[in-house]
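Data first, discussion second: the structure below is written as structure tokens.
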Amino acid sequence: MDSEDRPSPYLPVLLAWLVPGAGHLKIGRLWPGVFTFAAILPTFVLGMSLTGFENVSWERHPIWFWAVHVFGGVLTGAAALLTRHVEIREFMPDRSAGELFTGIACLLNIVAVADVWSRCSRGDPESRQAAHAPGTVPAAPSSVLPEVAPPAEPAPAPATPEASGG
């Protein structure tokens, strides 16, 4: 992407924070967006299920919520609202693993947000890598390249008396 082609990063970054993968879709990167969503959503839901759906709450876990879960965007907001009346009635042996899973999902979303920001600010890494690959010469516009005539075929050698046998 040239600097003129790059979108302003503000809306894609906001979308990337709100819904994992949406920022990549906004800038036209389908597969990074799909991959981001497919990696973050199941990790978040698995973490919620391991904790009995009570770990994302600004009332029960304020430090964890405001330090980590806030980066999950709509996932965190929806989980907090839908599970605000959940009470723990039994011991959850995998609770700490579930808390880590939801926290990692939210932190992965920050990595995705940073990727969207970078793609908007500096261009796609794939195009930068292709442009700076060793041994490649960037293509110049055709008006700059000089016209080169094809090489002429060599003239036949003159006949000599020794070659003609006489």
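The values are calculated or read from the model by the stated rules, or taken from the named source; none is laboratory data. Nothing here was measured: the structure is a model prediction, and the numbers come from that model. Backbone-built Cβ (ideal geometry, glycine too); neighbour counts: all protein chains shown.
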Inset, instruction - Among what's in the range 46-65 and is aromatic (Phe, Trp, Tyr) and under 14 Å from residue 104 (Cα atoms), pick the residue that is modelled with the highest pLDDT. - result: 65
Inset, instruction - Taking only the range 64-108 into account, find how many residues are at negative phi and either touching a Cys at 6+ places or on another chain (Cβ under 9 Å) or touching a residue at least 40 places away in the same chain (Cβ under 8 Å) (or both). - result: 22
Inset, instruction - Could you check the range 1-108 for helices (runs of 4 or more DSSP H) lying wholly inside it with 1 or more residues that are over 30 Å from residue 123 (Cα atoms) and in contact with a helix residue (DSSP H, G or I) (Cβ under 8 Å, 6 or more places away or on another chain)? - result: 30-50, 62-67, 74-82
